[in-house]
1. Using the eigenvalues of the Cα gyration tensor, what equivalent ellipsoid semi-axes result for segment 99-239 when each is taken as the square root of five times the eigenvalue, whole Å, largest first?
2. Between Leu238 and Glu197, how high is the FRET efficiency from 1/(1 + (r/R0)^6) when r is the Cβ-Cβ distance and R₀ = 22 Å? Nearest 0.05.
3. Taking loop as defined by DSSP and a crowding limit of 15 other beta carbons within 10 Å, which trypsin sites (Lys or Arg not before Pro) in segment 13-86 fit?
4. How big is the Kirkwood radius of segment 2-68, worked out from every pair of different alpha carbons and given in Å to one decimal?
5. Test of understanding: ordering Cys218, Cys166, Cys127, Cys223 by Cβ neighbours within 10 Å, fewest first, what list do you get?
6. Name the residues of segment 1-19 whose amide N is less than 19 Å from a point 7 angstrom out from the Cα of Asn44 along the C-beta direction?
7. Sort Asp144, Asp239, Asp181 so the one with the fewest other Cβ atoms within 10 Å of its own Cβ comes first.
Amino acid sequence: MKPSYYNLTAPAGDGGAVLFNTRSGCMAQLDREHYEAFQTFEANGKEPADEEFREGLLACGFAVKDRENELEAIRLGLLRSRFATETLSLAIALTQDCNFRCVYCYEKDQLRRQVLDGKAIGLLNDCKVTKAQVTLDGSRASHDSRRPLKGGGGSFDAILRNLKLCKDRYKGGIALRMNVDRNNLSEISEVKALLKEEGLDKTVILYLGHVTDENGTCAEGSCLGGCEFTRKNLEFLLDQEDGGERFRNGVPRPITNCCGPGSTATGTARG
Ligand code: SF4
């Protein structure tokens, strides 16, 4: 057997380490003895003497059979997912005329409209849409200044009103995205408290979005770096009542197809 090309290691006290394999998604904690054996295996291919450990490495994908070509296996998985017929994914761009003018918008002149009111909720239910996403970027003042409507004015109150409407009428789940950068990072707890106060904390799942510098969207270095955001997101996930259990997306996982249009039927309002 040989080490996987996709192993990551991080020291974890007492000379041990945490291993993560980005291809299999396996994570394991090794004590000093096993970590040393693993380091030797990675450095010169000398297989660990402990048979159970060797089998574990293979089962978790930290090691692969000598004849296995991991890159080809990934390519095959990608092709298979692209032509799979078990499920149908549809991405429908209803309009490119967005009614917001968010300060960090990366779409620039290719905008989308986002509306979730009573009429839309009925439509979502009729069409059996099981998930919807809404964005709220902090307190009223903060949200309305970051995400003004095209014609001016804010949307905070309308969003809160519609979330309450969804609680009673929408049959699917609502994911509430809070796009964070340095300007609104301190307001995460405020949004959590608001959801609790309004009785929405059980029906709405809050998660953090990372505002990144696409098309020069970061005004005066306001964006968080990748590590900064990851640390903040981890804190946020661990601070959940269930220790982050329901946020499976918070943990890195292998995906066979990272590009939606590769396996999704995509259409605009005109077809
Ligand atoms: S970021 Fe804001 S302005 Fe840009 S497409 Fe999304 S809702 Fe519209």
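None of the figures in this text is laboratory data; all of them are computed from the coordinates on show. Everything quoted here is computed from the prediction, not taken from an experiment. Reconstructed Cβ throughout: ideal geometry from the backbone, glycine too, with neighbour counts over all protein chains shown.
1. Values: eigenvalues 121, 72, 39 Å².
Semi-axis lengths for segment 99-239 are 25, 19, 14 Å.
2. Details: r = 23 Å, r/R0 = 1.02.
Efficiency, from the Cβ-Cβ distance: 0.45.
3. Those that pass, being in a loop and sparsely packed, are Lys46, Lys65, Arg67.
4. Details: mean 1/r = 0.0853 Å⁻¹.
So the Kirkwood estimate lands at 11.7 Å.
5. Cys127, Cys218, Cys223, Cys166
6. 1-4
7. Details: Asp144 17, Asp239 12, Asp181 23.
Listing Asp144, Asp239, Asp181 from fewest to most nearby Cβ atoms yields Asp239, Asp144, Asp181.
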